[in-house]
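Reviewing the structure listed below.
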Amino acid sequence: LVVKGVIADSFMGEFFVYEEIIKMVQSRQKISTEQVAFWSYAHGNDWQYVIQKDSEMLIASTKSGKSVFKGRLNEIQCPVLILGSIKDDLIPDIVQKLSDVAIQIPSSKVILYPKGNHPVMWSRMKDFRVDVDTFLSSLQR
């Protein structure tokens, strides 16, 4: 087993809704100082390329109408920690979307924070860190 565990934070679920993706991609066109700081920190110096390719992938996946995981979630053999905020302003119905993914993964755990925003790794840093550290420690056993 090459991968001991996976941590997935605040993602759009298995199937993308066209209107939601277009809204997200359009919001990326109005680049604020905060977005540049976030993207630079999260993705490095080539953040513009990463955001462009991510936007293209999101639109292509939406147009296909197929699962972005190609129906293979049940093949994941390592523990998966899925985190999100119930108040995520970017992902409507996040509770349902993350739950629909988690139920297909044999060894998954979902943590949904009642407060916070998108992504929880930034909006709930302390809680995120504690939960991720606990998850990572459990992989060492």
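The values are calculated or read from the model by the stated rules, or taken from the named source; none is laboratory data. All values derive from a computational prediction rather than experimental measurement. Neighbour counts run over all protein chains shown; Cβ positions are idealised from the backbone, glycine included. Ligands, DNA and RNA are excluded from the accessible area calculation, which covers all protein heavy atoms including side chains. Shrake-Rupley method; radii C 1.70, N 1.55, O 1.52, S 1.80 Å.
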With θ set to phi - 60° and the Karplus curve 6.51 cos²θ - 1.76 cosθ + 1.60, what are the ³J(HN,Hα) couplings of the range 31-46 in order, to the nearest whole Hz, using x for Gly and Pro? 7, 9, 4, 5, 5, 4, 4, 5, 5, 5, 5, 6, 10, x, 5, 9
Long-range amide H partners of residue 113, meaning residues 5 or more apart or on another chain whose placed amide H is closer than 5 Å, are 84, 85, 86
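Rolling a 1.4 angstrom probe over the protein heavy atoms, how many square angstrom per residue are accessible across the range 40-134?
For the range 40-134, the per-residue accessible area is 62 Å².
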Placing unit charges on C-beta atoms (Lys and Arg positive, Asp and Glu negative, everything else neutral), compute the dipole magnitude of the chain about its Cα centre in debye, rounded to 20. 180
Please report the carbon-and-sulfur percent of the accessible area for the range 1-101; probe 1.4 Å, protein heavy atoms only, DNA, RNA and ligands left out. 55
Among 30-41, 78-89, what's the highest-first ranking by average C-beta atoms within 10 angstrom per residue? 78-89, 30-41
Considering only protein heavy atoms, what is the solvent-accessible area of residue 46 at a probe of 1.4 Å, reported in Å² to the nearest 10? 80
Whole-Å distance linking the alpha carbon centroid of the range 116-141 with that of the range 16-52 is 23
Would you mind working out the magnitude of the charge dipole of the range 27-92 relative to its Cα centre, with +1 at each Lys and Arg C-beta and -1 at each Asp and Glu C-beta, to the nearest 20 Debye? 280
